[in-house]
Amino acid sequence: MPKLFEPLALRGVTLKNRIVVSPMCQYSAVDGFANDWHLVHLGSRAVGGAGLIIQEATAVSPEGRITPEDLGIWQDEHIPMLQRINAFITAQGSVPGVQLAHAGRKASTFSPWTGDGAVPTDQGGWLPVGPGDDAFAPTYPTPQALDAAGIEKVIADFRAAAQRSLTAGFQVIELHAAHGYLLHEFLSPLSNQRTDEYGGPFENRVRLLLEVVAVTREVWPEELPLLVRLSVTDWTEGGWNADESTQLAAILKTRGVDLIDCSTGGNVPTAPIPVGPGYQVQFAERIREEVGILTGAVGLITTPAEAEAILANGQADVVLLAREFLREPYFPLFAAQDLGVEVQWPAQYERAKPRAVAAAGSR
């Protein structure tokens, strides 16, 4: 059995394979509400056989959205449609997960196909918040530095969102501490110039994330897994780096976190990132080896052979695919064919299933 199709137990949840749909913003919500687009988008990947499907960055507050079109989970009214989506995902044998997020200083921006930079308040924009008042880039809005009350609100918003996630039927939560959004902004000395207990040395910069983890675990059942996505490095001198990520991962392991989703970048607009196939796998491998915690590898993983090699070589425990899942919603079904694995197809599609599984590569 290829590693890619071995089940993985995460606390009381078992993934049927190690293929994970990475959270991908769809910029298709109104006032944070999921709709039929999200049902079909996420449901198609469940029909396609993914083990875990992580819903896009889902804002814990209105001001935590990246764009006005982001999904949200800051009010109970968001729950019913999410329940419908998650029920469908579960019925296909996949596990529904959600990425809880706060965009911080990268909030109140246009969705990719509607504009660039800050959304004016008269067009639905708002004042974002961050560790300080430095904008991410010249075209981005200038944030308001969070005071003590603002930080307490952020923590409370994550706690409430975790509680709603449980009611909505999610079985996995991933906390988004990557890509230059709020929790990452506090981690990195490039974006965190505070002089209080949330800024300065490592133990202060990680404080907010650890407090969010703690309140999430207060309401998230013991039998359900908690993931954290980190940008392991800022790819910039003087920024957040792999040494600090490894140190943080060791702490997170003791605080009830089950897997580190290892991404990179997003906090420095001009960072020299060496993008290429598998360019981030090294970080998942290092944290897995040095900390002894499960890790996920993500970033330009596009073929079953690449995904299988990462797992077979012990570099990660799951692989997360994003753009490849946009191109091919049924990637797991074809990956099974390519790797010579017999998997169950949906009954409605059974008549189209290739019969010569051993003839790898023929679709």
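The values are calculated or read from the model by the stated rules, or taken from the named source; none is laboratory data. Model, not experiment: these values are computed from the prediction. Cβ coordinates were reconstructed from backbone atoms using ideal geometry, including for glycine residues, and neighbour counts include every protein chain displayed.
Below are the figures for this structure:
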quantity	calculated
Test: V212 is in contact with a helix residue (DSSP H, G or I) (Cβ under 7 Å, 6 or more places away or on another chain), closer than 22 Å to G292 by Cβ and buried (at least 23 other Cβ atoms within 10 Å of the Cβ)	no
Where a residue in the stretch 325-352 is of a type in the set (S, T, Y) and its partner, wherever it lies, is in a loop (DSSP other than H, G, I, E, B) and buried (at least 16 other Cβ atoms within 10 Å of the Cβ), with Cβ under 6 Å and at least six apart	Y330/G48
Conditions (1) part of a helix (DSSP H, G or I); (2) within 23 Å of R18 (Cα to Cα); number of the one not met by Q83	(2)
From the options R327, R363, residue that is out of contact with any Leu (no Cβ under 6 Å at 6 or more places or on another chain) and modelled with pLDDT of 95 or more	R327
Contacts under 6 angstrom Cβ, first residue in the stretch 233-261 being free of Cβ contacts under 8 Å to residues at least 24 places away in the same chain, partner assigned to a loop (DSSP other than H, G, I, E, B), 6 or more apart	N241/T233
Residue match in the stretch 95-110 (condition: out of contact with any strand residue (DSSP E or B) (no Cβ under 6 Å at 6 or more places or on another chain), surrounded by fewer than 17 Cβ atoms within 10 Å (Cβ to Cβ) and not hydroxyl-bearing (S, T, Y))	no
Within the stretch 334-357, considering residues that are part of a helix (DSSP H, G or I) and of a type in the set (A, V, I, L, M, F, W, C), the one nearest to T90 (Cα to Cα)	A347
Sole residue being assigned to a strand (DSSP E or B), surrounded by 14 or more Cβ atoms within 10 Å (Cβ to Cβ) and among the hydrophobic types (A, V, I, L, M, F, W, C), chosen from I173, I155, I89	I173
Total residues in the stretch 230-258, condition within 14 Å of P272 (Cα to Cα), buried (at least 19 other Cβ atoms within 10 Å of the Cβ) and of a type outside the set (A, V, I, L, M, F, W, C)	3
A271 at pLDDT 95 or above, surrounded by 15 or more Cβ atoms within 10 Å (Cβ to Cβ) and either in contact with a Leu (Cβ under 7 Å, 6 or more places away or on another chain) or within 25 Å of A57 (Cβ to Cβ) (or both)	yes
Residue list for the stretch 175-213, restricted to those being more than 20 Å from F136 (Cα to Cα) and over 19 Å from the mean Cα position of the chain (by Cα)	D196, E197, P201, F202, E203, N204, R207
Residue identified as within 27 Å of A161 (Cα to Cα) and either more than 19 Å from the chain's Cα centre (by Cα) or touching a residue at least 24 places away in the same chain (Cβ under 8 Å) (or both) among T295, T270	T295
All positions within the stretch 120-141 that are farther than 16 Å from S61 by Cβ, of a type in the set (V, I, T) and either crowded, with 17+ Cβ neighbours inside 10 Å or touching a residue at least 12 places away in the same chain (Cβ under 8 Å) (or both)	T139
Residue satisfying all of: in the stretch 215-229; out of contact with any helix residue (DSSP H, G or I) (no Cβ under 9 Å at 6 or more places or on another chain) and not in a strand (DSSP E or B); surrounded by the most Cβ atoms within 10 Å (Cβ to Cβ) among these	P225
Test result for A162, modelled with pLDDT of 95 or more, surrounded by fewer than 17 Cβ atoms within 10 Å (Cβ to Cβ), of a type in the set (A, V, I, L, M, F, W, C) and over 23 Å from A271 (Cβ atoms)	no
